[in-house]
Each structure stands twice: as structure tokens, then as C-alpha cells.
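Here the structure is laid out as C-alpha cells; the discussion comes afterwards.
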Amino acid sequence: MIYYQVSPPAALAKYVRFFWVLEGEPGPGDSYIHRSMADGSAEMIFHYKGMFDTLTGPATPNLRSGVDGQASTFRRYQVYESFGIVGAYLYPFAVPALLGHSAAALSNQMPDLYSLLGLPGKELEEQVMLAENNTDRISILSAFLMKRVIKNQRPEPGIFSAISYIIQSRGMVDVNTLSGQYYLSTRQFERNFKEFAGFSPKLYSRIIRFQSAIEQYGQTGKSLTEIAYDCGYYDQSHFIHDFKEFSGLHPRHYFGGKAEGTSWKDAER
């Protein structure tokens, strides 16, 4: 299995965290099960080779391309053939800023690209699918997003930096303090935040804190207690509760290296 990331050009870095590629081939008579976990960012996804069946979560029949919105739960997918996927891992505010839809409307949803963007989405899918290699696919996707940046240029709402701050601080923030920094009441802040991040600030912070924990996969020298404290959990019970809610797995099983759907992380380069 192959997994790798590609940094976006500087002009896109405000909206795109990175591009990524995942390729694999199950053995004869075998299958690969992929588990996507709760995530505070949306993704544009293109299945240029092979098709996955949905095991858990909203059914996405024959989804060649689409946007996987911010998620507060996990999903499971299965494929029996060789596969290839390329994607753009976006900041959540890229959904309203570049794709023209509220982030809240896409939370826990995965619409296909044509339903979301109409003819431009269909044309983008065709271009990506017909590209000769992943370098070309990423270039095509990058050019499409760059056009959307230029077309939709407008003053940046202050809430963008609040969302970025929560991501950078790994979810370890006080929401009331953060809302005060933007001279908004807690209610105004939460309403604006949900439009551009998809979830309430508190739930979003919990998801980002969980993500900071799963990123410690492979650090076998740390105990679960150490990982929990490093990621801002006050005790191990809260850590286990959030981890099971957002991944469907016990953290001991996940960090043991044998959990379902982690082989792509073992292949990361």
C-alpha cells in the first residue's frame, strides 16, 4: 500500500492543508477495509481506480468524486480490487469560501461533485479521471481550486482565524475566551463558527483534540495516559470516551497497531 501527502502551492495554503494519494491492492480473495474517523476538515475525493462499498455511515453508491464533509463519527468502507484515490484535505471554511456551501450543510455528509457543483464538478471529475498520473491529477485539482480562490476573493471573516487557531492549538482552547477576542457574544460566535466550521466550537475542539491523539499513532514508547495528557485530556476516562465515540475503537486497540483500517498509516511516507 502507498500513501503520501503533497503540500499545496503557497497561494492555496490558506484553504488546502495538503493533497494526498492512497493506492493499494488487496491479495487474491481478500479485501481492504478503510475506516475514516471523526475529522474537523472536509476533503475533496476522487476514486480514479476501484470502487468502495459503504459498510458504516451514509451510503454513497458509485461515488467517483465528491466532498467528504467534516465528520463527528466514523465510517467504514470495503474494496475487493486494486484502488487509487487522490484528495485535497481542506480547511473547513474552504467549503463556503470556495465551494459555495455552508460547512454546516455538509457536516457528516458526502455529496457527489456533480450534485454539489453542477457542470464544473462533472468536468473536474472527468479531467482528474483521465489524467495520466497523480502529479497531473494534483495539478488539475490545484488549478481548479486556484480559480475558485480568484473568483471568490472577498474580505476574510475573522472566524477563519479562530478556526485555524483551534486547529493549530490542537483543540486546547477556551471557547468563551476565544469568542471575546473577536468581540462577539458567545451566541454570535457559535452561530458564525458553525457556518464556517460545520460544528459548534466545543464539539469542533473535541474533534480536533481527538485528531491530535490519533496523529500519535506509531509512538509506541508512550502510554495511553501520556498520550491523553499530551492531547489535553484531564483524565484517561475522558480520553477513552472521546476516542471510542469518534473512532469506534478503544485507544489501546488502535495504538496497539493492529486495528482495522490503519494499514495506510503504516504505509505513510
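Yes or no, residue by residue, for (1) modelled with pLDDT of 90 or more; (2) open to solvent by less than 30 Å² (accessible area, probe 1.4 Å); (3) assigned to a loop (DSSP other than H, G, I, E, B):
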site: Gln5; (1), (2), (3): yes, no, no
site: Pro8; (1), (2), (3): yes, yes, yes
site: Lys14; (1), (2), (3): yes, no, yes
site: Phe19; (1), (2), (3): yes, yes, no
site: Glu23; (1), (2), (3): yes, no, no
site: Pro28; (1), (2), (3): no, no, yes
Only residues that are among the charged types (D, E, K, R) and either under 19 Å from Glu25 (Cα atoms) or assigned to a loop (DSSP other than H, G, I, E, B) (or both): list them for the range 62-108, please. Arg64, Arg76, Glu81
Select, from Met44, Met37, the only residue that is touching a Phe, Trp or Tyr at 6+ places or on another chain (Cβ under 8 Å) and either open to solvent by less than 50 Å² (accessible area, probe 1.4 Å) or at pLDDT below 95 (or both). Met37
Considering each of Arg170, Arg187, Arg137, Arg209 in turn, give the residue that is under 17 Å from Tyr91 (Cα atoms), charged (D, E, K, R) and in a helix (DSSP H, G or I). Arg209
Scanning for something without any contact (Cβ under 8 Å) to a residue 24 or more places away in the chain, touching a Leu at 6+ places or on another chain (Cβ under 8 Å), more than 28 Å from Gln168 (Cβ to Cβ) and open to solvent by less than 30 Å² (accessible area, probe 1.4 Å), does the range 77-87 turn up at least one residue? no
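Matching residues to (1) open to solvent by 20 Å² or more (accessible area, probe 1.4 Å); (2) on the phi > 0 side of the Ramachandran plot; (3) at pLDDT below 90; (4) not acidic (Asp, Glu):
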{"residue": "Gln127", "(1), (2), (3), (4)": "yes, no, no, yes"}
{"residue": "Ala143", "(1), (2), (3), (4)": "yes, no, no, yes"}
{"residue": "Arg154", "(1), (2), (3), (4)": "yes, no, yes, yes"}
{"residue": "Ile159", "(1), (2), (3), (4)": "no, no, yes, yes"}
{"residue": "Ala162", "(1), (2), (3), (4)": "no, no, yes, yes"}
{"residue": "Ser169", "(1), (2), (3), (4)": "yes, no, yes, yes"}
Taking the residues in the range 101-114 that are small (Gly, Ala, Ser) and touching a residue at least 40 places away in the same chain (Cβ under 8 Å) as candidates, determine which candidate is least open to solvent (accessible area, probe 1.4 Å). Ala103
Please pick out the residue among Glu123, Glu195 that is over 20 Å from the mean Cα position of the chain (by Cα) and part of a helix (DSSP H, G or I). Glu123
Could you give me the residue pairs with C-beta distances under 6 Å whose first residue belongs to the range 17-42 and is within 23 Å of Leu141 (Cβ to Cβ), whose second residue is of a type in the set (Lys, Arg) wherever it lies, and which are 6+ apart or on separate chains? Ser36/Arg75
Pick from the range 129-141, criterion out of contact with any Lys or Arg (no Cβ under 6 Å at 6 or more places or on another chain) and not polar (S, T, N, Q), ranking: most open to solvent (accessible area, probe 1.4 Å): Glu132
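The values are calculated or read from the model by the stated rules, or taken from the named source; none is laboratory data. Since this is a predicted model, take the numbers as computed values, not measurements. Because the Cβ atoms are built from the backbone with ideal geometry, glycine has one as well, and the counts that use them run over all protein chains shown. Please note that ligands, DNA and RNA were not included when accessible areas were found on the heavy atoms of the full protein model with its side chains. Shrake-Rupley method; radii C 1.70, N 1.55, O 1.52, S 1.80 Å.
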